[in-house]
Amino acid sequence: MDLSPLTDAMAAGSYEKIADICDNLMLQASAEGINFQNDWPYAIHLLAHIYNGDINSARFLWKSIPVAVKESQPEVIAVWNIGQKLWTKDYAAVYQALCAFNWSSQIQPFVTAFSESYTKKMFQLLLAAYSTISVKDTSLFLGMNENEATKYVLNEGWSLDSASQMFAVKKQSIVSEQKLDAGKLQRLTEYVFHLEH
């Protein structure tokens, strides 16, 4: 079985494409009657669905993985542990699951990319959900110690009340572009003209 599209995507860091590549290769192998069960990169395939935020697909893939593979490949179980934490919305435990395993050199860059992406998503969640939040809670959501989390959010413009150990969340300004419709402007001009005369 030719896994070169997968290895090329991994080498290029095109992690958002890997789930589709794996799904297509798996379907192709099944259609051709190729037995790929023991040689399939299940850990990468699972992480790809998790990376894309498709926990349902990750769950279905997990259920289809043979028990023998689960028993012989601890990295597959470690990836699924991340998926379980996301499924139960135990956001802080996701970081623990990421750090709890000694990842192989093949998957380590992918895990690192997921961790960075996840931290950015958690930061956006904090921006949307809070106006103030404690240093402790911020560090849990961002998977950092309190000093690292403080540095991270202060660089994003938040402010810290040292006495209460609370951050004031700085909301990002939303710039919306309004398009000027010439037809509406013409009707408004005619309406104002009519009122004045």
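To the nearest 20 debye, what is the magnitude of the charge dipole of region 1-159 about its Cα centre, counting +1 on the Cβ of each Lys and Arg and -1 on the Cβ of each Asp and Glu?
Values: 10 positive and 16 negative charges, 101 e Å.
About 480 debye.
Tell me the angle of helix 55-64 to the major Cα principal axis of the chain, expressed in degrees between 0 and 90 and rounded to the nearest ten.
With rounding to tens, the tilt is 10 degrees.
Looking at the chain, identify the longest residue range that excludes and avoids all trypsin sites (Lys or Arg not before Pro) in DSSP loops having at most 14 other Cβ atoms within 10 Å.
Working: sites that count: LYS89, LYS170, LYS171, LYS179.
My reading of the result: 1-88 is the longest stretch.
What nm value, rounded to one decimal, do you get for the distance between SER104 and ASN145 when each label is placed 7 Å out toward the C-beta?
Label-label distance for SER104 and ASN145, simple model: 3.2 nm.
Which distance in nm do the two modelled labels at MET1 and LYS120 give, with both placed 7 Å along the Cα-to-Cβ direction?
Computed distance between label sites MET1 and LYS120 equals 3.1 nm.
Pull out the extension gain between ALA92 and ALA128, defined as 0.36 nm times the separation in residues minus the alpha carbon to alpha carbon distance; nm, one decimal.
11.2 nm
Output the 0 to 90 degree angle, nearest 10, between the alpha-carbon long axis of helix 18-31 and the longest principal axis computed from the alpha carbons of the chain.
Long axis of 18-31 versus the principal axis of the chain: about 40 degrees.
Relative to the longest principal axis of the chain, what angle (0 to 90°, nearest 10) does the C-alpha long axis of helix 42-51 take?
10 degrees
At 222 nm, what helix-only mean residue ellipticity would the chain give, in deg cm²/dmol to the nearest 500, using -39500 (n - 2.57) for each DSSP H run of four or more?
Details: 11 runs with 127 residues, N = 197.
Roughly -20000 deg cm²/dmol at 222 nm, from the helical runs in the chain.
Can you pull the Rg over Rh of the chain, Cα-only, Kirkwood? Before the final figure, lay out the partial values.
Details: Rg = 24.0 Å, Rh = 20.1 Å.
Radius of gyration over Kirkwood radius for the chain works out to 1.19.
Can you list the lysines whose alpha carbon is less than 23 Å from that of LYS170, not counting same-chain residues fewer than 8 positions off?
Filter leaves LYS120, LYS121, LYS136, LYS151.
No value in this document is a laboratory result; all are computed from the given coordinates. Bear in mind the structure is a predicted one, so any value in this text is a computation, not a measurement. Heads up, the Cβs are rebuilt from the backbone with ideal geometry, glycines too, and the neighbour counts pull from every protein chain shown.
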